[in-house]
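The values are calculated or read from the model by the stated rules, or taken from the named source; none is laboratory data. The shown structure was predicted, so the numbers you read here are calculated from the model rather than taken from an experiment. Counting neighbours? That spans all protein chains shown, and the Cβs are built from the backbone with ideal geometry, glycine included.
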Amino acid sequence: MKNNFLENYKLEGEKLNISTYPAPILKQIAKPVIEFNDELHAIVKNMLFTMYHAPGIGLAAPQVGVSLRFFVLDIWYDREKVTLADGSTEFRLSEFSPMVFCNPVFKNKSGEVLQEEGCLSVPGIYEDVKRFEFVTVEYDDMFGVHHEIEADELLSVCLQHENDHLDGIVFIERLSFLKKNLLEKKFLKQQKKK
Ligand code: NI
């Protein structure tokens with residue numbers, strides 16, 4: 001029987017370690033998902049848990065050290081930053097709509113948008129990136145069932161950003177040579193301080 005935890009999703013799983021730029025795994029071309037088995041489902045579950053807690057709106061398998069062509073995303077959930085009695089802050093998360101995209105293929109791409117992006121693998125860096133405004137994507141869900149989705153606005157941008165991770169591309173590499181080098185230097189400097 002299918003265990004589709006995406007319906008009535010509950011925030012459970014393990015936090016995975018997210019690789020940061022320029023880790024070699026982020027540069028690799030990921031391999032297609034062939035087996036839609038329990039092992040895949042376990043990674044998906046943990047990736048969602050990791051993404052929500054970061055918090056982020058998308059996370060691709062290579063970012064957690066798995067060089068396979070799939071990613072998770074949720075651009076709809078609510079994040080409320082609350083201050084606790086001891087002065088520390090935490091995010092209260094609710095209204096989840098998790099999605100999983102395996103072996104995505106872009107069929108149509110049109111229009112142009114400029115939108116600020118960030119990435120859990122390049123924390124602290126945000127920059128406007130030029131992307132297609134509308135995309136049509138064919139993909140398999142985590143059971144290997146084929147689907148097609150049309151997307152615009154934030155979902156379109158997120159699909160393109162996450163798909164880039166499967167091709168070994170991090171968003172700052174979509175910028176001009178000059179800007180990319182500047183942000184790369186800034187990021188590596190920040191990392192050193194930590
Ligand atoms: Ni990213």
(request) Quick one: PHE96 ticks every box in (1) of a type in the set (Phe, Trp, Tyr); (2) more than 20 Å from LYS31 (Cα to Cα); (3) within 16 Å of the ligand (Cβ to nearest atom) except a single one, so which number is it? (result) (3)
(request) Look at VAL135 and say whether it is modelled with pLDDT of 95 or more, away from the ligand (no atom under 16 Å from the Cβ), of a type in the set (A, V, I, L, M) and within 21 Å of ALA61 (Cβ to Cβ). (result) yes
(request) Scan the strands (runs of 3 or more DSSP E) fully inside segment 108-157 and keep the ones with 1 or more residues being in contact with an Asp or Glu (Cβ under 7 Å, 6 or more places away or on another chain) and more than 26 Å from PRO32 (Cβ to Cβ). (result) 113-117, 127-131
(request) Determine which single condition GLY168 fails, assuming it passes every other condition in (1) on the phi > 0 side of the Ramachandran plot; (2) surrounded by fewer than 15 Cβ atoms within 10 Å (Cβ to Cβ). (result) (2)
(request) Would you point out the residue of segment 158-193, among those that are closer than 20 Å to ILE25 by Cβ and not in a helix (DSSP H, G or I), that is nearest to the ligand (Cβ to nearest atom)? (result) VAL170
(message) Anything in segment 41-84 that is within 14 Å of the ligand (Cβ to nearest atom), assigned to a helix (DSSP H, G or I) and of a type in the set (A, V, I, L, M)? List them, or say none.
(response) MET47, MET51, ALA61, VAL64
(request) Please verify whether segment 99-111 includes one or more residues that are among the aromatic types (Phe, Trp, Tyr) and within 30 Å of GLN191 (Cα to Cα). (result) no
(message) For a quick check of your reading of the model, give me the residue pairs whose first member lies in segment 154-175 and is charged (D, E, K, R), whose second is in a helix (DSSP H, G or I) and within 10 Å of the ligand (Cβ to nearest atom), with beta-carbon atoms closer than 9 Å and at least 6 apart or on different chains.
(response) ASP164/PHE171; GLU173/ASP164; ARG174/HIS161; ARG174/ASP164
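State which residue is nearest to the ligand (Cβ to nearest atom) when the search covers only segment 140-151 and only residues that are closer than 23 Å to LEU114 by Cβ and surrounded by 14 or more Cβ atoms within 10 Å (Cβ to Cβ).
The first filter runs over segment 140-151 and keeps only residues closer than 23 Å to LEU114 by Cβ, leaving 149-151.
Next cut, surrounded by 14 or more Cβ atoms within 10 Å (Cβ to Cβ) only: 149, 151.
Working: ILE149: 19, ALA151: 17 Å.
Of everything passing the filter in segment 140-151, ALA151 is nearest to the ligand (Cβ to nearest atom).
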(message) Condition (residue is surrounded by fewer than 16 Cβ atoms within 10 Å (Cβ to Cβ), in contact with a strand residue (DSSP E or B) (Cβ under 8 Å, 6 or more places away or on another chain), at pLDDT 95 or above and within 25 Å of ILE125 (Cα to Cα)) applied to segment 51-71: is it met by at least one residue?
(response) yes
(request) Name the residue, out of SER97, SER88, SER110, SER121, that is closer than 25 Å to TYR9 by Cβ and over 13 Å from the mean Cα position of the chain (by Cα). (result) SER97
(request) Only residues that are among the β-branched types (Val, Ile, Thr) and closer than 21 Å to VAL72 by Cα: list them for segment 84-124, please. (result) VAL100, VAL105, VAL122
(request) Quick one: count up the residues across segment 87-102 that are crowded, with 18+ Cβ neighbours inside 10 Å and part of a strand (DSSP E or B). (result) 4
